[in-house]
Amino acid sequence: MNNILSDSENRVVLNVGGIRHEAYKATLKKIPATRLSRLTEQLANYDPVLNEYFFDRHPGVFGQILNYYRTGKLHYPTDVCGPLFEEELEFWGLDSNQVEPCCWMTYTQHRDTQETLAVLERLDLDTEKPTEEELARKFGYEEAYAKGKVNWWQRLKPKLWSLMDEPYSSNAAKIVGIISVFFICVSIVSFCLKTHPDMRVPVIRNITVKTADQGLAWTLDKQQTNAHEFFFYIECVCNAWFTFEILIRFISSPNKCEFITSLVNIIDYIATASFFVDLCLQKFASHLENADILEFFSIIRIMRLFKLTRHSSGLKILVQTFRASAKELTLLVFFLVLGIVIFASLVYYAERIQTNPHNDFNSIPLGLWWALVTMTTVGYGDMAPKTYIGMFVGALCALAGVLTIALPVPVIVSNFAMYYSHTQARAKLPKKRRRVIPVEQLLGRPNQQPMKNDGSNIISASGGPKRSKDLIGAKIGNIPIGTSVLALCPQTMQLHKNLTTANIRQTFDTTKGPSSIVATNMNKKSDEKCYL
């Protein structure tokens, strides 16, 4: 009978979310400095009638947590979301990094998802109209908004920005976006068509030549051609719109530095500036030789196509996919360069071993071009090995190219599918969530602070300064005044092992602040204190 009673005294009943668990007290002491290792009957969640501790937490997760105390191995439940599991571990005072290696892949999936959602937040794919308070915070006049002294420019600036930079914010912004896309397309089409021979006008010049009888004659030279004058007027109209758009967006931008350093904006104003540079060159440098070479730099205008990313969420996701896959792309280029150099050298010497009068590989640099075309499976056929050893090297080069390109591509495709699927799911979900009131607020208690597995206390005092007599019957968190310091401060267990009750008073401490509460051992003459 005595053995049965002693065994029951060593057991503890834990009611977590309505499900009762029973364990030995020694089992809960296996992991010190955690919530379950500090259970005492003086805690507010102890029920003396049922002789159990009640915790209003997730019951499914607690099964794995209690198993961690029993076996020393922390496994991840597959039917629980990752952030919820981390929140429960933080409440019970456990370290989330102690998850077993077999669960690492499953456990870290939610972190990848959180990173993806953070990226989508930065891409600004939402079409939800922001509130006036959010606009005030974004444009830096929240103080004027709080005082109700918003001037006309502060009201106009967000509207201009939404009109010019957020195509889906209103019907007027959609019209402006359509106009911007129209001018981009017209500019690109004009840039391409003016190089067509049928769209160019010959430049006729009169040249004086000597005849056979040493006389002079006039002839017409029309070797040079210029683009039709109509394309010049088209570019003038398009660049006038682009200049107007850049100025309005710069004036109304909430962050000037971010606007200037944006890659798309850099391309925009460089492309616009190239048009005016061309005008100056045609005016003052047309008589110089090789002045047409300077027109090569006007190709930057093609880069205006990246401006379409402001109007298409799909292009934003594509750009972000390449940015997120930078490591895979770097690895792909590295292996391609490595293979190109190796196979170019091999085919150069392979073609020289046997007699080969029609050898196309006169140098290794020529072999680099052949290896690049072969590894990318393009195969122009302008260069080809003629010997059997060279053909064997070419076959190896083609196989290595297929494998090199095929390995990193699925990672890039999966990144795009991940961003795209999250974007589609996000578009279907409501933008605003229902507010949930904390249970501590309904019960009139201060918010319960999560435990940290650092050996620190689990209860934090809140509220303003109180006098000593006001502390009678009061509580610190869920703990009533007069609780055993052994329960409150297990890190000083040896110091207070013979203490059953403590008088808690408020003192001023320069390190803890004026509202720190100090538990002093009244049975000792020393000034040993425990900060809560």
* Which of the residues spanning the stretch 60-76 are farther than 17 Å from VAL12 by Cα and crowded, with 18+ Cβ neighbours inside 10 Å? -> VAL61, GLN64, LEU74, TYR76
* Taking the stretch 265-280 as the search range and keeping residues that are under 33 Å from the mean Cα position of the chain (by Cα) and among the polar types (S, T, N, Q), which one is nearest to THR309 (Cα to Cα)? -> ASN265
* To do: Could you tell me whether MET391 is of a type outside the set (S, T, N, Q) and modelled with pLDDT of 90 or more?
  => yes
* **Residue under evaluation ALA146, criteria (1) open to solvent by 40 Å² or more (accessible area, probe 1.4 Å); (2) in contact with a Gly (Cβ under 7 Å, 6 or more places away or on another chain), criterion not met** => (2)
* Is one or more of the residues making up the stretch 318-331 modelled with pLDDT under 85, closer than 27 Å to MET418 by Cα, surrounded by 15 or more Cβ atoms within 10 Å (Cβ to Cβ) and basic (Lys, Arg)? -> no
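For (1) polar (S, T, N, Q); (2) touching a Cys at 6+ places or on another chain (Cβ under 6 Å); (3) open to solvent by less than 50 Å² (accessible area, probe 1.4 Å), each residue gets a yes or a no:
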| residue | (1), (2), (3) |
| --- | --- |
| LYS30 | no, no, no |
| LEU36 | no, no, yes |
| LEU43 | no, no, yes |
| ASN51 | yes, no, no |
| HIS58 | no, no, no |
* To do: Please indicate, with yes or no, whether at least one residue in the stretch 123-130 is open to solvent by less than 60 Å² (accessible area, probe 1.4 Å), in contact with a Pro (Cβ under 7 Å, 6 or more places away or on another chain) and assigned to a helix (DSSP H, G or I).
  => no
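Residues are listed down the side, and each one gets a yes or a no for (1) assigned to a helix (DSSP H, G or I); (2) more than 30 Å from SER190 (Cβ to Cβ); (3) among the hydrophobic types (A, V, I, L, M, F, W, C); (4) within 24 Å of the chain's Cα centre (by Cα):
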site	(1), (2), (3), (4)
ILE302	yes, no, yes, no
LEU315	yes, no, yes, yes
LEU366	yes, yes, yes, no
VAL373	yes, yes, yes, no
ASP382	no, yes, no, no
* To do: Answer yes or no: is there a residue in the stretch 37-46 that is out of contact with any helix residue (DSSP H, G or I) (no Cβ under 9 Å at 6 or more places or on another chain), free of Cβ contacts under 8 Å to residues at least 12 places away in the same chain and among the aliphatic types (A, V, I, L, M).
  => no
* What number of residues in the stretch 80-112 are closer than 22 Å to LEU14 by Cα and open to solvent by 40 Å² or more (accessible area, probe 1.4 Å)? -> 5
* Asked: PHE392 fails exactly one of the following numbered conditions: (1) farther than 30 Å from PHE259 by Cα; (2) surrounded by fewer than 18 Cβ atoms within 10 Å (Cβ to Cβ); (3) without any contact (Cβ under 8 Å) to a residue 40 or more places away in the chain. What is the number of that condition?
  -> (3)
* Asked: Name the residues in the stretch 343-378 that are closer than 26 Å to VAL411 by Cβ and in contact (Cβ under 8 Å) with a residue 12 or more places away in the chain, would you?
  -> PHE343, ALA371, LEU372, THR374, MET375, THR376, THR377
* Asked: Is there any pair with a first residue in the stretch 53-71 that is farther than 17 Å from SER96 by Cα and modelled with pLDDT of 90 or more and a second that is open to solvent by 40 Å² or more (accessible area, probe 1.4 Å) and assigned to a helix (DSSP H, G or I) whose Cβ atoms are under 8 Å apart and which are 6 or more apart or on different chains, and what are they?
  -> ASP56/VAL439
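The values are calculated or read from the model by the stated rules, or taken from the named source; none is laboratory data. These numbers come from a predicted model, not from an experiment. Glycine gets a Cβ as well: all are built from the backbone with ideal geometry, and neighbour counts include every protein chain shown. Keep in mind that these areas ignore ligands, DNA and RNA; they rest on the heavy atoms of the full protein, side chains included. Shrake-Rupley method; radii C 1.70, N 1.55, O 1.52, S 1.80 Å.
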